[in-house]
Amino acid sequence: MEAHTQSNTLSTIVSDGSRDLELDADRASPPALAFEAGFAHDLRNLIQIASATFNRLARNPTISASDALGPVVAGGALALHKAGQVLGERIHGSRLAQLAEVGTDVRECLRELEMIVRSTWEPGSYRIELCLDPEIPPACCDRQALQDAMLNLVLNARDAMPDGGTIMVEAFAVICGNEPMIRLRVVDHGIGMTEQTLQSAFEPFFTTKAMGLGGVGLPMVRHFVEGSGGTLQLESAVAKGTIVTLQLPGVRQPTVAGD
């Protein structure tokens, strides 16, 4: 389903991080990789808890509007993000090889996200609506990183609608050349962004202080998308809303002999 076609009135900014992903699964033995994966999982959980705390603080209008506290909170969130990057790079080769073969179930990931969001938001003010293509292939990206990125975008959409409203989360399969891709969109009908704000949206410490919209979420989303070989597009118009579109590579399906 193609909902909310605002392209004629929206300013657009596109970040393209398409690249070849080098798979290097032979750098360590299976037991060593298993140990590293388990250690990384536990450490990553701790980093995510701390990151969530910083991101929540960054969205507090009082803190984000403070010249003293705002940069400190944003800097702490960015430092934790970089710690997560270092951790990810430690097992980068083995993880990519695993993802290239199995992939991430996007539909399951987004349904879980919906459940998390609905369990934490107060009923009545906000509503999240999923539109998921049944033919979505597995995505060649980290599952937790995808869910974190989409959660960031959903929270941004909520913050952009102070009076409440519906946030659309869409995912559908597309073909680019001969490559399977997954296109994801987060759509809100909130306050939107000016052209100037749009051009600064990916800067790590940029924030629209009056509304308490923190300046660390979008840079993190862009890093995830580009690191996964995908593209990110941001469209917005003042008083009309914002559409964020992610396009990620899908896992190639096995070919049938004779095809």
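Please determine whether any residue of segment 183-197 is in contact with a Ser or Thr (Cβ under 7 Å, 6 or more places away or on another chain), modelled with pLDDT under 90 and among the basic types (K, R).
No, that holds for no residue.
Within segment 155-172, does at least one residue satisfy the condition of being of a type in the set (D, E, K, R), in contact with a Ser or Thr (Cβ under 9 Å, 6 or more places away or on another chain), surrounded by fewer than 20 Cβ atoms within 10 Å (Cβ to Cβ) and closer than 24 Å to L43 by Cα?
Checked segment 155-172: no residue is of a type in the set (D, E, K, R), in contact with a Ser or Thr (Cβ under 9 Å, 6 or more places away or on another chain), surrounded by fewer than 20 Cβ atoms within 10 Å (Cβ to Cβ) and closer than 24 Å to L43 by Cα.
Of all residues in segment 98-119, which are closer than 25 Å to T166 by Cα and more than 19 Å from the chain's Cα centre (by Cα)?
The one that is closer than 25 Å to T166 by Cα and more than 19 Å from the chain's Cα centre (by Cα): S119.
Kindly list, by first and then second residue, each pair from a residue in segment 112-127 that is closer than 12 Å to L151 by Cα to a residue that is among the acidic types (D, E), limited to pairs with Cβ atoms under 9 Å and residues at least 6 apart or on different chains.
Note: pairs meeting the criteria are E114/E129.
If you go through segment 112-136 one residue at a time, how many are outside any strand (DSSP E or B) and modelled with pLDDT under 95?
15
If you check D148 against the conditions, is it in a loop (DSSP other than H, G, I, E, B), more than 13 Å from I128 (Cβ to Cβ) and of a type in the set (D, E, K, R)?
no
I'm trying to understand the selection: among the residues of segment 46-61, which are more than 14 Å from D159 (Cβ to Cβ) and without any contact (Cβ under 8 Å) to a residue 12 or more places away in the chain?
L46, I49, A52, T53
The values are calculated or read from the model by the stated rules, or taken from the named source; none is laboratory data. Bear in mind that the values here come from a model prediction, so they are computed numbers and not experimental data. With ideal geometry, Cβ positions are generated from the backbone for all residues, glycine too; neighbour counts draw on all protein chains shown.
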